[in-house]
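Just so it is clear, none of the values below were taken in a lab; they were calculated from the coordinates. The structure presented is a predicted model; accordingly, all values stated were derived computationally and were not measured. When we count neighbours, we look across all protein chains shown, and the Cβ atoms used for this are built from the backbone with ideal geometry, even at glycine.
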Amino acid sequence: MVYDRAHELAAALARCDEYKRLAAAKEGIAGDSVAMQMVRDFLRRKMELDMAAMTGREPDKAAVAKLEQLAGVVSANPRARDYLEAYSRFQMLMGDISRILSEAVKQG
């Protein structure tokens, strides 16, 4: 029963607008190696700063400045910008689902 619901959720995710936008943006960026590299670099740097914040470390000012600079460059590239926007929306959706599941287990 629980596995059936998990499969239903997976199918619903594959049909949702957030996933479809992400898949389309991924196709759009796939042929643009410059935009793809920008996105990878941006996400890697953002993850490093997020991990530092989660462990209580003060973020490196130079790293923050570099991320902000890279965000400006990425936003000027339509394919990279579209991908990051779609990626962000899908990550928010997945985070919301994760919180809902965690709360349900916590209550039990």
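Of note:
- Nearest-ten-degree value, helix 78-107 long axis tilted from longest Cα axis of the chain: 40 degrees
- Mean Cα-pair separation over length for the chain, i.e. relative contact order, pairs under 8 Å, 6 or more apart, %: 35 percent
- Seen through its C-alpha gyration tensor, with square-root eigenvalues sorted a ≥ b ≥ c, segment 1-102 comes out oblate because a/c lies at 1.5 or above while a/b is not bigger than b/c.
- Crossing angle, helix 17-30 versus the chain [Cα axis fit, 0-90 degrees, rounded to tens]: 40 degrees
- Taking Lys and Arg as +1 and Asp and Glu as -1, the other residues whose beta-carbon sits under 14 Å from that of residue 12 total -2.
- Set of aspartates and glutamates with alpha-carbon distance to residue 61 below 17 Å, sequence-local pairs under 8 removed: 48, 50
- Note that segment 60-77 has calculated 3J(HN,Hα) couplings of 5, 4, 5, 5, 5, 4, 5, 5, 5, 5, 5, 4, x, 5, 4, 5, 7, 9 Hz, one per residue in order, obtained from phi through the Karplus relation 6.51 cos²θ - 1.76 cosθ + 1.60 (θ = phi - 60°); glycine and proline are x.
- When the Gaussian network model of the chain links Cα atoms closer than 10 Å, the mean-square fluctuations of 79, 89, 44 top out at 44.
- Principal-axis tilt of helix 33-54 within the chain, Cα atoms, nearest 10 degrees: 70 degrees
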